[in-house]
Amino acid sequence: AVVSTQSTGFEAGICGWRDDEAAHFEWVRHQGSTASWNTGPISDHTTGNTDGHYIYVEASTQGKGDTARLMSPEFPSSGPECQMTFWYHMYGNDIGTLRILLDNQTLLWNLTGGQDNKWIQGTVDVGLQGDFFLVTEAIMKDGYEGDIAIDDIQFVNCAIGADGEYDGPADITFEDMYRAFSHLSQYEHQDDTYWVLGRGTWDWWSSRPQADHTYGNTSGHFYEV
């Protein structure tokens, strides 16, 4: 799955999202089929093959009512048309519930029970918010045919201008992510490789780009390895 300027596809890690340590178990970043028969995807959503990554919860090792919660980075604010879109896979006879919560309190989206054996898009209306974060919660049911997977999380029309005011519909760039995620590490680590938040340089000896794409100068940000 692809990580673009406004989406989280889990190819380079989990992109600042984190598991809730108070939950019963964790979301797992994975490739290919899950460990259980007759449930779970066989590939990620974006690439459609076993090279791509997604996150999921494994039902076979959990009991009824067990929960896993994945929390987004905290955003400083959002515009009135802000949405989170994502792709989910909920195939199996023992599928429990998938929920999206605002600040781990307010229910924004909810789905229970088995769905078709394919990736399906979901849309969450976030709307106008102050400081906020979202939580992706899976609640398990009895049985091993209950794997739930998610891929390609995208925030749409959520951009906030440099003055802190809403600038109208726009996709989130790394400039917005830098403001929103500045309390987190600038590094994303996966398989002994670090994604580094950087800026352009005019040094002749450097292989780094001279500017970002958004602003076209050295004040903008991008990620590099």
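Taking the criterion of being within 23 Å of PRO76 (Cβ to Cβ), within 15 Å of the chain's Cα centre (by Cα) and free of Cβ contacts under 8 Å to residues at least 40 places away in the same chain, the residues of the range 93-135 that qualify are ILE100, LEU101, LEU102. In the range 29-47, what residues are hydrophobic (A, V, I, L, M, F, W, C) and touching a residue at least 12 places away in the same chain (Cβ under 8 Å)? Across the range 29-47, the qualifying residues are ALA35, TRP37. Entry remark, the range 51-95: residues being closer than 18 Å to GLN121 by Cβ and of a type in the set (Lys, Arg) number 0 in total.
Is it fair to say PHE10 is under 11 Å from the mean Cα position of the chain (by Cα), at pLDDT 90 or above and open to solvent by less than 40 Å² (accessible area, probe 1.4 Å)?
On the way: under 11 Å from the mean Cα position of the chain (by Cα): yes; at pLDDT 90 or above: no; open to solvent by less than 40 Å² (accessible area, probe 1.4 Å): yes.
Criteria not met by PHE10.
One residue alone among ASP44, ASP20, ASP51 is at pLDDT 80 or above and closer than 24 Å to CYS82 by Cβ, and that residue is ASP20. Of the residues in the range 78-86, none is open to solvent by 60 Å² or more (accessible area, probe 1.4 Å), of a type in the set (Phe, Trp, Tyr) and within 26 Å of GLN31 (Cα to Cα). Test PHE86 against the stated conditions and say whether it is aromatic (Phe, Trp, Tyr) and either touching a Pro at 6+ places or on another chain (Cβ under 6 Å) or closer than 12 Å to LEU134 by Cβ (or both). So PHE86 passes the test.
In this structure, ASP51 does not qualify as of a type outside the set (Lys, Arg), in contact with a Lys or Arg (Cβ under 8 Å, 6 or more places away or on another chain) and open to solvent by 20 Å² or more (accessible area, probe 1.4 Å). Mind checking which residues of the range 89-114 are buried (at least 16 other Cβ atoms within 10 Å of the Cβ), touching a strand residue (DSSP E or B) at 6+ places or on another chain (Cβ under 8 Å) and not hydrophobic (A, V, I, L, M, F, W, C)? Matches in the range 89-114: HIS89, GLY96, THR97, ARG99.
The values are calculated or read from the model by the stated rules, or taken from the named source; none is laboratory data. Note that the structure is a prediction, hence the values are computed from the model and not measured. With ideal geometry, Cβ positions are generated from the backbone for all residues, glycine too; neighbour counts draw on all protein chains shown. These area figures cover heavy atoms from the full protein model, side chains too; ligands, DNA and RNA do not enter into them. Shrake-Rupley method; radii C 1.70, N 1.55, O 1.52, S 1.80 Å.
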